[in-house]
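Input: a single structure, listed below in structure tokens.
Read the figures in this text as sums done on the coordinates, not as results from a lab. As the structure is a prediction and not an experimental result, all values here were calculated from the model. FYI the Cβ positions are ideal-geometry reconstructions off the backbone, even for glycines, and counts take in every protein chain you see.
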Amino acid sequence: MNLSKVMLALVSRYLMFSPIQYFKWRAFRLGLELLDRQEGFVEARMTSGERFKVLARDYAGGRVALTGQWEPAVTAMMRHLLREGDVFVDIGANFGYFSIAAAGWVGRKGKVISFECAPR
């Protein structure tokens, strides 16, 4: 693992788990700069614990890799509405953040159907 990836992992953990707010904006900017230097995929870990790979230079994927979340208000609303056994359809799923989150909430009795037309 190269130094840039180690620094990216440390910045991500700080942004996800540190209660200290003072340096978070600077850390976020540093994390974005580190992502710009990466080629290919990096590991993203959602605050709920699921791990998956995202393109380092992808706008949304990079932010999930840094903070563990994407659109927190939408995520909170989905969490409130979805129950075990529900069916969730994600149209325009991009890299699947909401699909992955919904899969945990609807459980084994539920179903998640995802569509993404962009080949990448």
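Rounded to the nearest 20, the Cβ-based charge dipole of the chain about its Cα centre (Lys and Arg +1, Asp and Glu -1) stands at 280 debye.
Have a look at the DSSP beta bridges in the chain and tell me what percent are antiparallel, nearest 5. Spell out each step's value before the answer.
Values: 5 of 10 bridges.
Around 50 percent of the beta bridges assigned by DSSP in the chain are antiparallel ones.
What does the extension gain come out to for CYS117 and ARG45, with contour length at 0.36 nm per residue minus their alpha carbon separation? Write out the running numbers ahead of the final one.
Values: separation 72, 0.36 × 72 = 25.92 nm, distance 2.40 nm.
In short, 23.5 nm is gained.
In the chain, a dipole from Cβ-located charges (positive for Lys and Arg, negative for Asp and Glu) runs towards its positive end, and of PHE23, GLY62, ILE91 it is PHE23 whose Cα lies farthest in that direction. Stretching the chain fully between TRP25 and LEU10 yields a gain of 3.9 nm (0.36 nm per residue, less the alpha carbon separation). For the chain, the average shadow cast by the Cα convex hull is 8.0 nm², which is a quarter of the hull's surface.
Sorted by average packing, counted as other Cβ atoms within 10 angstrom per residue and highest first, what order do 90-101, 14-25 take?
Numbers: 90-101: 18.2, 14-25: 11.3.
Listed from highest to lowest mean packing, they are 90-101, 14-25.
Our estimate of slack between VAL74 and PHE17, defined as 0.36 nm per intervening residue step minus the Cα-Cα distance, is 18.5 nm. Of the peptides 46-53, 32-39, the order by per-residue mean of other Cβ atoms within 10 Å, starting with the highest, comes out as 32-39, 46-53.
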